[in-house]
Structure formats: C-alpha cells, structure tokens
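**Student:** Please read through the structure below; I'll follow up with questions.
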Amino acid sequence: MTINWGLLQFGVFLSMFATLVVAERIWPRRKQAVELVSRWSANMGFTVVNALTGTVLHLIIPVVAVAAALYAQDHGIGLFPETGTPWWIAAPLSLAALDLTLYAFHVACHKVPWLWSFHRVHHLDLEVDATTAFRSHPFEFLSSQILKLGVIYALGTPAVAVLAYEILLNIFAMFSHSNVRLSDAFDRNARWLVVTPDMHRIHHSTYQRETDSNYGVVTPLWDRLFGTYLAAPRDGQTGMTLGLNEVRGREAFNLFWLVACPFISFKSLGKHEDATQVPATTSLHTTA
Ligand SMILES: [Zn+2]
C-alpha cells in the first residue's frame, strides 16, 4: 500500500514536470538570459541534497504525511475524530487548514530574519521555472514537514485529504513557478481558484514590496483574504527582474554556497536593498 502511494506520487510528479518542461520550451513567458545548465544544476542539486537528508524526496513526503494521518485516524487522535466530524466535512477543512498553514509559514519565512536566511535560498534564483520549485534549503523543507504533521495530528485529518493535498502541492509548486505563457483570460479567471505562474512570479521580484505579496501555494484565497494579493508587477511580467539584488553572480548557482549561506552570511540578512523603490501609486497590499 505504501509503495503504491509512492508510485502514484512519483508518477504524478514526473508527468507534471515533463509536461511543464516541454510547455516552457513551446510557450515561454520570459526570455531567460541566465544559463540553463547552471541554474538547473543548482536546482536539481537541491532535490538530491534534500533527498539525502530525508526531508524532501517527493516520493516519500506524502507517504510520511499519509501514514501519519492513518495513524491518527486509527487511534482517534485529533479534533475531527474526537468530535465525530463526518469525513465530507473534515476533508475540505483539512485541505484548507494545510494550505493555510503553508501560507502562514511562507509569510513567516519572509518576516522572521532567521527563517528568511533559509528561505532566501529559494529567492536567489535569477530566473524562475519549474525547477525553482525544487530549490529550497533542507531546513525549510524539514520545518514545513513538521508543521504539516502537527496539523495532521491536531486535527486528525482524513488520510485521503492529506494524500490529495500532497499531490496538489507538488503539482502547483511546479506549475506556479513555471515559465509558461498562459492566455490573459485563462490566467485572470484561474487566479480565483489556483495560484498561476504570472501571479507567483511577482513574488520572485527583486522589489521587496512585490516580494512581500502572493505567498499562496495552491490557492490565492489566503492572499486575497489577508491583503497580500498583488495583481501585476511594476515592470511587467517580461520586464521585471527576478531574484534578489544582494546576489547576482555565480553564487546563485553554487549548490554548496547556497546550502551554507544561511550560516555564513547572517549579518547581511534583513530587507532587500530596494525596499523603497516602488512608487506609492503601485497597486500593492502589504502584510500587517
Ligand atoms: Zn517566498
């Protein structure tokens, strides 16, 4: 049973990744000037690093989470089992709770300096495509996993909801980072339900006031609800600069430097250099 869940997840992951890579070649949103081999080497390297640390292997993560949900279910642990909540109520509430938790964690990663020191590794990519989804420091993945397990045990989330969310998470992490051009109409309508590439790309802008927006992972609901939604970047989707101003050189693709940088450059943490460069007239919502 466990192996089947893993194979299902792995199949979804590979299919989605392959589809996006092909789509990025046929319908690219931005012309990417950064050398692809260097970027991909670093980003794919993070998949290996995280797999080796046992925190991020996309094949295993959902199994761990689903196993936790099954354990909680069998032992009556959590709010839903203890209150006898029917699964058709518990399942959608569980999906919402898991996604809200990751939204809140993402906001915290930008607001708490020591969390930002790890999360900024993700933002140091100088372009954004499907492989950027893999580019996360192992500590950040470990932290998000612990948080999710906490939600699963606290609520007693149905296993099917956890599996569904893990699959959605993998799909939309890659989709929202992809360099795929969608029609304006599709993008505008899809944004009411899911995070689109044009929406999440704004979060990777070098302008901090744009980086401080669109934190959502699967659904934009939380950004719209909590005032962190931003519809468009100041310089446009093709004109905006991605990454962080503090690192524009080869370090951005050096896997070893990236893994170590939270520990060796703590003094330079904090706000980006151009925090005040966006005019007040820009349509912008900031977090509290
Ligand atoms: Zn971020």
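**Student:** What pairs come out if I take residues in region 72-98 that are in contact (Cβ under 8 Å) with a residue 12 or more places away in the chain and pair them with residues that are open to solvent by 90 Å² or more (accessible area, probe 1.4 Å) whose C-beta lies under 7 Å away, six or more apart or interchain?
**Tutor:** Listed by first residue and then by second, the contacts come to Gly76/Glu82; Pro81/Gln73; Ala91/Val160.
**Student:** Any residue that is more than 15 Å from the ligand (Cβ to nearest atom) and more than 23 Å from Val112 (Cβ to Cβ) - is there at least one of those in region 200-219?
**Tutor:** Taking every residue of region 200-219 in turn, at least one turns out to be more than 15 Å from the ligand (Cβ to nearest atom) and more than 23 Å from Val112 (Cβ to Cβ).
**Student:** Which residue pairs have Cβ atoms closer than 8 Å, lie 6 or more positions apart in sequence or on different chains, and pair a first residue in region 26-39 that is more than 19 Å from Asn254 (Cβ to Cβ) with a second residue that is part of a strand (DSSP E or B)?
**Tutor:** That search, which allows pairs on different chains as well, returns Trp27/Val180; Pro28/Val180; Arg29/Val180.
**Student:** Only one of these is over 25 Å from Met240 (Cβ atoms), open to solvent by less than 10 Å² (accessible area, probe 1.4 Å), of a type in the set (Val, Ile, Thr) and in a helix (DSSP H, G or I): Ile152, Ile146, Ile89. Name it.
**Tutor:** Details: Ile146 fails: open to solvent by less than 10 Å² (accessible area, probe 1.4 Å); Ile89 fails: open to solvent by less than 10 Å² (accessible area, probe 1.4 Å).
Exactly one residue qualifies, and that residue is Ile152.
**Student:** Looking at Gly270, Gly236, Gly243, which is the one that is farther than 22 Å from Asn43 by Cα, modelled with pLDDT of 85 or more and either open to solvent by less than 40 Å² (accessible area, probe 1.4 Å) or within 21 Å of the chain's Cα centre (by Cα) (or both)? It would help to see each step written out before you state the result.
**Tutor:** Working: Gly270 fails: modelled with pLDDT of 85 or more; Gly243 fails: farther than 22 Å from Asn43 by Cα.
The match here is Gly236.
**Student:** Of the residues in region 119-143, how many are assigned to a helix (DSSP H, G or I) and open to solvent by less than 10 Å² (accessible area, probe 1.4 Å)? Can you show your working first?
**Tutor:** Here is the first cut: in region 119-143, the ones assigned to a helix (DSSP H, G or I) are 119-123, 130-134, 138-143.
After this cut, where a residue has to be open to solvent by less than 10 Å² (accessible area, probe 1.4 Å) as well, the list is 119-121, 123, 130-132, 134.
Number of matching residues: 8.
**Student:** Let me ask you something else. Restricting attention to region 41-71, which residues are modelled with pLDDT of 80 or more, surrounded by fewer than 17 Cβ atoms within 10 Å (Cβ to Cβ) and under 26 Å from Trp257 (Cα atoms)?
**Tutor:** The answer is Ser41, Met44.
**Student:** Of all residues in region 177-218, count the ones that are more than 21 Å from Thr19 (Cβ to Cβ) and part of a loop (DSSP other than H, G, I, E, B).
**Tutor:** Here the count works out to 9.
The values are calculated or read from the model by the stated rules, or taken from the named source; none is laboratory data. In this text the structure is predicted, and so the values were computed from the model without any measurement. Note: ideal-geometry Cβ built from the backbone for every residue, glycine included; neighbour counts use all protein chains shown. Please note that ligands, DNA and RNA were not included when accessible areas were found on the heavy atoms of the full protein model with its side chains. Shrake-Rupley method; radii C 1.70, N 1.55, O 1.52, S 1.80 Å.
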